[in-house]
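A short write-up of the structure that comes next.
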Amino acid sequence: MSDHLVIETQGLTKRYGDHAAVAGLDLRVRRGEVYGFLGPNGAGKTTTLRMLLGLIRPTSGTATVLGRPPGDADGLRRLGAMVETPAFYPYLSGRDNLRVLAGHAGVPPRRIEPALYQVELSGRGDDLFSTYSLGMKQRLGVAAALLKEPTLLILDEPTNGLDPAGMAEMRDLIRNLGRDDRTVLLSSHLMTEVEQICDRVGIINGGALVAEGTVAELRGKDRLRLRAEPLGDARRIVSDLSGVDGVEVVGTTLRIAVDPAHAACINRTLVEAGIAVSELAREQASLESIFFELTNHEQNGGTHDVG
């Protein structure tokens, strides 16, 4: 494993009969970053995390986590994880649940209060787990993952089922957890969530990695959106202008691959040609639109590495 990588997989594959839940995954997570592992439900995210934690064995391929094989005792001592819905004793308090977990993990009890403080549950630590809201239950799951003071934190869909307020609280928490030297691997199917939190993103679909890079790299350059009449004439004129790399018709608008600084020149040229321009605006590709584009790319047999 390279010194700057805390997770590295090569050709990681998990098959169940004829179905490949994960197919030849090459994943690289760097030290000190919040890495978003993005994909739709059923894409292979949780299966990948379970292999990284040593909970299931891969069919083929290799993986290293904190320089050790998945499930290695030394690696697990420096790793905290919340995979799927956290399970706790309903009739114990949040604090007592953490005491039980600390005892099983050989963790000093002194780490319980800092973990509760980090997830903002210090004031509710003595309340029964059964009385917690879903957001509080998720935060207690993160607190459990923090008990070992891990250098790597793996979180699987931590905002799943939360209302908008709970999602915002969890996003803020993850941002704070990703500071300093701690690495966070965040699995999610919510593109807006990943966009707001993560330093780099890996997009998985159908068990295969279809792209990896920063959010800015995945989005690419800004473009211009043009609404004009007649649209066909506008497209022909704009396509011949210097600096324009491409023009795409999207419904009743044109999407122009060009530096947005050219907007004034484009507008002037169209108006002088008798074209009625009703809208000319800067447009940045969303991570969602890029995801669908890359999914089509993957289906044609490729992986897009922009990092």
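The values are calculated or read from the model by the stated rules, or taken from the named source; none is laboratory data. Quantities reported herein were computed from a predicted structural model and do not represent experimental measurements. Note that each Cβ is placed from the backbone with ideal geometry, even for glycine, and that neighbours are counted across all protein chains shown. Keep in mind that these areas ignore ligands, DNA and RNA; they rest on the heavy atoms of the full protein, side chains included. Shrake-Rupley method; radii C 1.70, N 1.55, O 1.52, S 1.80 Å.
Taking only segment 76-101 into account, find how many residues are over 27 Å from G161 (Cα atoms) and either of a type in the set (A, V, I, L, M, F, W, C) or part of a loop (DSSP other than H, G, I, E, B) (or both). First the steps, then the outcome.
Initially, segment 76-101 is screened for residues over 27 Å from G161 (Cα atoms), giving 76-78.
Narrowing the set further to residues that are either of a type in the set (A, V, I, L, M, F, W, C) or part of a loop (DSSP other than H, G, I, E, B) (or both) leaves 76, 78.
Count: 2.
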Report summary line: I266 fails exactly one of (1) in contact (Cβ under 8 Å) with a residue 24 or more places away in the chain; (2) assigned to a strand (DSSP E or B), namely (2)
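Quick check on segment 214-227. Is at least one of its residues under 30 Å from L53 (Cα atoms), β-branched (V, I, T) and either open to solvent by less than 20 Å² (accessible area, probe 1.4 Å) or touching a residue at least 40 places away in the same chain (Cβ under 8 Å) (or both)?
Taking every residue of segment 214-227 in turn, at least one turns out to be under 30 Å from L53 (Cα atoms), β-branched (V, I, T) and either open to solvent by less than 20 Å² (accessible area, probe 1.4 Å) or touching a residue at least 40 places away in the same chain (Cβ under 8 Å) (or both).
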Query raised in the report: Has segment 224-238 got at least one residue that is under 30 Å from Y35 (Cα atoms) and either aliphatic (A, V, I, L, M) or in a helix (DSSP H, G or I) (or both)?
Result: yes
Query raised in the report: Can you name the residue in segment 186-211 that is among the hydrophobic types (A, V, I, L, M, F, W, C), in a helix (DSSP H, G or I) and closer than 19 Å to G42 by Cα and is also most open to solvent (accessible area, probe 1.4 Å) among such residues?
Result: M191
Report task. Please give the number of the condition L231 fails out of (1) of a type in the set (A, V, I, L, M); (2) farther than 30 Å from T192 by Cα; (3) in contact with a strand residue (DSSP E or B) (Cβ under 9 Å, 6 or more places away or on another chain); (4) in contact (Cβ under 8 Å) with a residue 40 or more places away in the chain. Result -> (4)
Query raised in the report: Here are L162, L140: which of them is closer than 24 Å to Q196 by Cα, of a type outside the set (F, W, Y) and not in a helix (DSSP H, G or I)?
Result: L162
**Report entry** Matching residues, segment 72-99, being farther than 16 Å from L146 by Cα and surrounded by 16 or more Cβ atoms within 10 Å (Cβ to Cβ)
**Finding:** S93
Requested in this report: Only strands (runs of 3 or more DSSP E) wholly contained in segment 1-70 count here; list those with 1 or more residues that are open to solvent by less than 50 Å² (accessible area, probe 1.4 Å), within 24 Å of G213 (Cβ to Cβ) and among the small types (G, A, S).
Outcome: 5-16, 19-25, 34-38, 60-65
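Looking at segment 126-159, which of the residues that are charged (D, E, K, R) and under 13 Å from P114 (Cβ atoms) is least open to solvent (accessible area, probe 1.4 Å)? Give the derivation first.
Filtering segment 126-159 down to residues charged (D, E, K, R) leaves 126-127, 137, 139, 148-149, 156-157.
Adding the requirement that they be under 13 Å from P114 (Cβ atoms) leaves 148-149.
On the way: K148: 63, E149: 109 Å².
Among those that are charged (D, E, K, R) and under 13 Å from P114 (Cβ atoms), it is K148.
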